[in-house]
Amino acid sequence: MNEPRKVLLSWKGGAADAVGRHLSENWKEGETPDLSDCLLITQTKEAGRRLRRTLAVLADKAGGGLFPPSLGSPASLFRAEGDGEGASSDLACLLCWEEVLGELNGDSFPNLFPPEKFVAGDLAWRRSMAKALHGLRRTLSECDRGCADVLAAGKEGFVLREPERWKDLATLERLYLKRLRERGGSDPFRTARQAARNPSLPPELRRVVLAGVSGFPKLAEVALEALLERGVEVKVLAFGPEEESFEDLFDPWGRPLGEAWRERSLSLAEERLRLLPDERAQARTVTEAVEAMGAERGDKVALGVVDAAVKPWLRRMAEKGDDADAGSGEITLSYSDPEGAPASGSSLFAVLTALSALVEDGSFRRASSFLRFPEVRRWLEGVGAGVEERALLKELDRLTEDAIPGRLSDAESLARSGFREVFQRLRELTEAIRSGRLVDTFREFLQEAYAEEEFNEKEARGAAFTALAPDLFEVLETIEEFGPAEGGGDLSLLLDALRGKRLPEVSEASALPMRGWLELPWTDAPWLLLVGFNEGRVPEALPGNAFLPETLRQDLGLWTDEDRFARDAYLLHWLSASREDGGRVDVLLGKWSVEGEPLKPSRLLFLCDPDDENALARRVRTLFREPARKEEVPAWRFPWRLDPGPVMTRESLSVTGFGDFLSCPYRFHLKNNLKMESFDASKVEADNRDFGNLAHEVLKDFGREEEVKESDDAAVIRAYLLERLERAFHTRFGKRPGLALMEQKKSIRL
């Protein structure tokens with residue numbers, strides 16, 4: 001087999017500059033270098049962009065232009081022509097799996113689904129099992145296998161535990177693939193495997209350069225081998241110490257060898273390791289340090305955030321006017337996230353979540369939450385049930401406080417006449433979705449909810465909707481093709497399809513990027529701050545899989561936790577070595593999470609010098625000491641401030657009022673001057689006042705009824721009181737009150 005050409009570049013200094021110098025070593029001054037025949041593979045898109053800029057600068061210094069290379073990732077090597085066009089979407093595959101699982105019986109696959117635990121009639125079980133099987137095949141495709149291939153490999157290559165279970169998986173896989181073909185679909189994982197064996201490159205690309213790619217799946221290796229056999233030149237550029245050889249440090253494709261990096265000692269000064277109480281303290285330490293650098297910080301410091309839980313705290317610390325926390329006034333600093341914002345934080349996702357919850361249980365509480373979205377109120381206007389916002393919110397509060405309806409249908413009957421159509425429209429919406437008319441119903445909902453809105457892609461809300469809309473409508477088309485699920489279960493598919501999406505972030509040009517772990521070797525700022533360096537964040541633990549234990553992953557050539565540890569150890573060595581001359585790396589980690597959960601230091605920080613018998617002990621004392629608390633955690637507070645209005649004086653005050661004032665002057669002002677009342681949004685049963693008023697109402701009617709009042713027949717009095725109680729109770733709480741209210745009614749009867 002042909003071998004790639006291997007080159008070891010010095011890891012001291014900037015990575016982009018080193019690759020640029022290597023690619024431009026034969027350039028002649030005044031000429032226009034031509035790299036258009038080259039496919040440059042990098043670990044991340046950001047690394048590719050940096051390399052392209054570096055090459056353009058070098059070409060400009062040489063006095064000419066540049067025909068730039070094409071950029072790609074390892075995954076682009078096994079992507080089918082046309083970006084996988086023709087392969088079925090993940091959602092279509094999941095729905096195919098659900099169909100296959102729904103047709104099984106308890107005796108179909110006893111080694112995989114024990115008959116006593118078989119629940120194919122349950123949609124939730126089918127959906128979770130479909131995700132597990134689809135995820136299993138996705139993972140196996142990374143090593144160019146399917147379930148049947150694992151079974152065959154176990155017979156020929158290694159000892160396969162539970163072969164009967166894998167036999168069932170292989171049979172089930174065949175049923176799934178057959179169903180997918182019957183529906184005119186194409187399995188995306190088989191498509192990727194075929195593309196890897198016959199990679200498609202434009203004819204002008206005659207060479208491939210892997211630049212500092214420290215990890216990629218077996219499928220990319222298959223594609224590279226196929227390109228070599230085809231005569232395409234493949235060059236592998238790796239970064240390491242100049243005094244050592246490529247073969248001792250990396251495999252032929254530039255991936256770190258485990259035996260070379262798992263126990264290699266790492267030089268980290270103890271004073272550069274900062275153990276802090278939690279994510280909040282880490283964010284404050286970073287913000288104060290970066291803010292002190294002034295306007296030139298963009299060229300001097302790079303920020304690597306390996307624990308996503310620190311990101312919201314960094315943003316909060318950078319908000320202007322955070323004086324309640326910092327006490328230091330305005331902070332002129334902002335952060336950006338190159339990964340983008342999670343779709344789960346968008347308003348569209350929030351509306352979908354609220355609608356899904358309402359369809360699922362149909363409670364008044366869910367309806368009340370749903371009605372508070374401006375999109376929902378615009379939809380109501382579009383369907384002819386619009387009401388003034390303030391009036392609607394007051395009615396929702398009245399129902400919550402006085403009527404305590406349990407169900408949406410109860411709220412419809414208990415609402416005042418001007419609001420009953422609102423709840424009627426909500427009921428019709430949920431009934432339509434439950435009955436299987438999700439696609440048309442939801443399209444109509446979106447049309448009315450967003451008809452009057454103009455989206456600006458430069459604003460976060462507009463960018464989010466523009467980014468999510470294509471995926472949303474693709475999901476609706478797939479659901480329409482496969483048919484509806486029972487009980488409105490398709491809404492969860494919409495949420496799942498959007499949950500993993502990332503939205504383009506609208507940020508200031510001067511914002512400091514919160515870079516991910518794999519991007520950091522390509523940052524050339526002399527000062528690197530690594531934040532959230534705890535175990536589980538780096539190395540990041542592989543997700544557990546009931547079908548693929550660690551030993552089987554190793555036998556199949558899949559990534560293992562040890563492989564990831566070796567890769568991350570290598571990257572930390574690289575980051576440290578690149579700043580040995582005139583730079584520094586500071587590592588920040590937490591002792592606890594903000595929720596109080598204990599955190600462990602990353603194992604990478606214990607790669608100490610074995611020749612120094614005291615090194616490990618010093619490191620342990622540093623990383624397990626009690627961190628100094630710069631400040632106590634502040635009490636919880638609202639993120640906004642209520643304006644209580646102008647000062648109001650009173651000429652008289654009752655004894656009770658004076659007691660209220662002494663207890664809390666602010667609440668006294670709200671209650672007595674502004675006439676505000678306390679409100680319990682989670683109320684599910686009658687309070688003392690409700691209970692007493694209901695009993696008094698019945699007794700008041702009794703006192704007005706002369707004939708019954710004057711009667712000395714206990715049975716007549718009893719029958720009257722109970723009849724009036726039933727009437728008053730149902731008038732106030734509806735025909736189907738909750739269990740707590742029913743128990744309280746029994747108490748009033750007694």
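The values are calculated or read from the model by the stated rules, or taken from the named source; none is laboratory data. Since this is a predicted model, take the numbers as computed values, not measurements. In this analysis, Cβ positions are derived from the backbone assuming ideal geometry, glycine residues included, and neighbour counts consider all displayed protein chains. Calculation scope for accessible area: heavy atoms of the full protein, side chains included, ligands and nucleic acids excluded. Shrake-Rupley method; radii C 1.70, N 1.55, O 1.52, S 1.80 Å.
Hey, any hits in the range 58-69 for a residue that's open to solvent by 30 Å² or more (accessible area, probe 1.4 Å), within 23 Å of VAL222 (Cα to Cα) and not small (Gly, Ala, Ser)? Walk me through how you get there before you give the answer.
Within the range 58-69, the first condition is being open to solvent by 30 Å² or more (accessible area, probe 1.4 Å), and the residues that meet it are 58, 60-61, 63, 65-68.
Next, only the ones that are within 23 Å of VAL222 (Cα to Cα) stay: none.
No, because not a single residue in the range 58-69 is open to solvent by 30 Å² or more (accessible area, probe 1.4 Å), within 23 Å of VAL222 (Cα to Cα) and not small (Gly, Ala, Ser).
I'd like to check something: does the range 519-530 contain any residue that is over 30 Å from ALA577 (Cα atoms) and part of a loop (DSSP other than H, G, I, E, B)?
Checked against the condition, which is being over 30 Å from ALA577 (Cα atoms) and part of a loop (DSSP other than H, G, I, E, B), the range 519-530 yields no hits at all.
Does at least one position in the range 196-210 carry a residue that is out of contact with any Pro (no Cβ under 8 Å at 6 or more places or on another chain), in a helix (DSSP H, G or I) and surrounded by fewer than 20 Cβ atoms within 10 Å (Cβ to Cβ)?
The answer is yes, given that some residue of the range 196-210 is out of contact with any Pro (no Cβ under 8 Å at 6 or more places or on another chain), in a helix (DSSP H, G or I) and surrounded by fewer than 20 Cβ atoms within 10 Å (Cβ to Cβ).
Does the range 597-605 contain any residue that is out of contact with any helix residue (DSSP H, G or I) (no Cβ under 7 Å at 6 or more places or on another chain), without any contact (Cβ under 8 Å) to a residue 40 or more places away in the chain and open to solvent by 50 Å² or more (accessible area, probe 1.4 Å)?
There is at least one residue in the range 597-605 that is out of contact with any helix residue (DSSP H, G or I) (no Cβ under 7 Å at 6 or more places or on another chain), without any contact (Cβ under 8 Å) to a residue 40 or more places away in the chain and open to solvent by 50 Å² or more (accessible area, probe 1.4 Å).
Which pairs have Cβ atoms under 8 Å, sit 6 or more apart or on different chains, and link a residue in the range 279-300 that is under 16 Å from SER510 (Cβ atoms) to one that is β-branched (Val, Ile, Thr)?
Within 8 Å, the pairs are THR287/ILE331; VAL290/VAL301; GLU291/ILE331; GLU291/THR332; MET293/VAL301; ARG297/VAL290.
From the set of residues in the range 654-693 that are aliphatic (A, V, I, L, M), open to solvent by 80 Å² or more (accessible area, probe 1.4 Å) and over 28 Å from GLN744 (Cβ atoms), which is modelled with the lowest pLDDT?
Ranking the candidates gives VAL655 first.
For the range 137-158, indicate whether the set of residues that are closer than 20 Å to SER108 by Cα, without any contact (Cβ under 8 Å) to a residue 12 or more places away in the chain and in a helix (DSSP H, G or I) is non-empty.
no
When both residues are 6+ apart or on different chains and their Cβ atoms are under 6 Å apart, which pairs have a first residue that lies in the range 332-347 and is under 18 Å from ALA289 (Cβ atoms), and a second that is open to solvent by 40 Å² or more (accessible area, probe 1.4 Å) and assigned to a helix (DSSP H, G or I)?
Listed pairs, sorted by first residue: LEU333/GLU291; TYR335/ARG315.
Could you grab the pairs with beta carbons closer than 8 Å, sequence gap of 6+ or different chains, first residue in the range 393-410 and in contact (Cβ under 8 Å) with a residue 12 or more places away in the chain, second one of a type in the set (Asp, Glu)?
If the second residue must be of a type in the set (Asp, Glu), the pairs left are THR400/ASP680; GLU401/ASP680; ASP402/ASP690; ALA403/ASP410; ILE404/GLU685.
Only one of GLY13, GLY30 is surrounded by 14 or more Cβ atoms within 10 Å (Cβ to Cβ) and at positive phi; which? Outline the logic, then answer.
Details: GLY30 fails: surrounded by 14 or more Cβ atoms within 10 Å (Cβ to Cβ).
Criteria check complete, one pass: GLY13.
Are any residues in the range 245-291 part of a loop (DSSP other than H, G, I, E, B), buried (at least 18 other Cβ atoms within 10 Å of the Cβ) and touching a strand residue (DSSP E or B) at 6+ places or on another chain (Cβ under 8 Å), and if so, which ones?
TRP253, GLY254, LEU268, PRO277, ASP278, listed by residue number.
What number goes with the only condition from (1) touching a helix residue (DSSP H, G or I) at 6+ places or on another chain (Cβ under 8 Å); (2) of a type in the set (D, E, K, R); (3) at pLDDT below 90 that ARG366 does not pass?
(3)
Spot the failing condition for ALA289; the list is (1) at pLDDT below 95; (2) touching a Lys or Arg at 6+ places or on another chain (Cβ under 9 Å), and only one is missed.
For ALA289, the exception is condition (2).
Say we look at the range 437-454 and pick out the residues that are open to solvent by less than 70 Å² (accessible area, probe 1.4 Å) and assigned to a loop (DSSP other than H, G, I, E, B); which of these is farthest from SER346 (Cα to Cα)? Break it down into steps so the answer makes sense when it comes.
Initially, the range 437-454 is screened for residues open to solvent by less than 70 Å² (accessible area, probe 1.4 Å), giving 438-439, 441-442, 445-446, 448-451, 453.
Add one more test, that the residue is assigned to a loop (DSSP other than H, G, I, E, B), and what stays is 450-451, 453.
On the way: TYR450: 15, ALA451: 18, GLU453: 16 Å.
Among those that are open to solvent by less than 70 Å² (accessible area, probe 1.4 Å) and assigned to a loop (DSSP other than H, G, I, E, B), it is ALA451.
Suppose we filter the range 543-598 for residues that are among the charged types (D, E, K, R), closer than 30 Å to LEU219 by Cβ and either under 29 Å from the mean Cα position of the chain (by Cα) or not in a helix (DSSP H, G or I) (or both); how many remain? Give the steps one after another, and end with the answer.
Taking the range 543-598 first, the residues among the charged types (D, E, K, R) are 550, 553, 555, 561-564, 567-568, 579-581, 584, 586, 591, 595, 597.
So of that shortlist, the ones also closer than 30 Å to LEU219 by Cβ come out as 550, 553, 555, 561-564, 567-568.
From what's left, either under 29 Å from the mean Cα position of the chain (by Cα) or not in a helix (DSSP H, G or I) (or both): 550, 553, 561-564, 567-568.
Qualifying residue count for the region: 8.
Could you list, in sequence order, all residues of the range 606-622 that are assigned to a helix (DSSP H, G or I), open to solvent by 80 Å² or more (accessible area, probe 1.4 Å) and under 20 Å from HIS573 (Cα atoms)?
The first filter runs over the range 606-622 and keeps only residues assigned to a helix (DSSP H, G or I), leaving 606, 615-622.
Pick out the ones that are also open to solvent by 80 Å² or more (accessible area, probe 1.4 Å) and you get 616, 618, 621.
Residues satisfying the conditions are LEU616, ARG618.
Please specify each residue of the range 55-77 satisfying the condition of being farther than 23 Å from LEU201 by Cβ and either of a type in the set (Asp, Glu) or under 33 Å from the mean Cα position of the chain (by Cα) (or both).
ASP60
Scanning the range 540-596 for residues that are small (Gly, Ala, Ser) and under 30 Å from GLU626 (Cβ atoms), which turns out surrounded by the most Cβ atoms within 10 Å (Cβ to Cβ)?
By that ranking, first place goes to GLY590.
Which is at pLDDT below 95, open to solvent by 40 Å² or more (accessible area, probe 1.4 Å) and hydroxyl-bearing (Ser, Thr, Tyr), of SER24, SER88, SER36? Walk me through it before giving the result.
Working: SER24 fails: open to solvent by 40 Å² or more (accessible area, probe 1.4 Å); SER88 fails: open to solvent by 40 Å² or more (accessible area, probe 1.4 Å).
When all the criteria are applied, what remains is SER36.
If you check ILE404, ILE433, which single one turns out to be buried (at least 17 other Cβ atoms within 10 Å of the Cβ) and modelled with pLDDT under 90?
Numbers: ILE433 fails: modelled with pLDDT under 90.
None of the other options fit; the residue is ILE404.
What pairs can you find where one residue is in the range 217-230 and surrounded by 21 or more Cβ atoms within 10 Å (Cβ to Cβ), the other is in a helix (DSSP H, G or I) and not hydrophobic (A, V, I, L, M, F, W, C), and their Cβ atoms are less than 6 Å apart, with a gap of 6+ or different chains?
Final answer for the pair search is ALA220/PRO74.
Listed residues ARG5, ARG52, ARG79; which is surrounded by fewer than 17 Cβ atoms within 10 Å (Cβ to Cβ) and among the charged types (D, E, K, R)? Quick ask: steps written out before the conclusion?
Numbers: ARG52 fails: surrounded by fewer than 17 Cβ atoms within 10 Å (Cβ to Cβ); ARG79 fails: surrounded by fewer than 17 Cβ atoms within 10 Å (Cβ to Cβ).
None of the others qualify; the one that does is ARG5.
Hey, can you tell me all the residues within the range 49-69 that are among the charged types (D, E, K, R) and farther than 22 Å from LEU520 by Cα? Break it down into steps so the answer makes sense when it comes.
Looking only at the range 49-69, we keep the residues that are among the charged types (D, E, K, R), and these are 49-50, 52-53, 60-61.
Hits for the range 49-69 are ASP60, LYS61.
Touching a Ser or Thr at 6+ places or on another chain (Cβ under 6 Å), among the hydroxyl-bearing types (Ser, Thr, Tyr) and not in a strand (DSSP E or B): is that true of SER507 in this structure? If you could, list the steps in order and put the result at the bottom.
Values: touching a Ser or Thr at 6+ places or on another chain (Cβ under 6 Å): yes; among the hydroxyl-bearing types (Ser, Thr, Tyr): yes; not in a strand (DSSP E or B): yes.
In short, yes.
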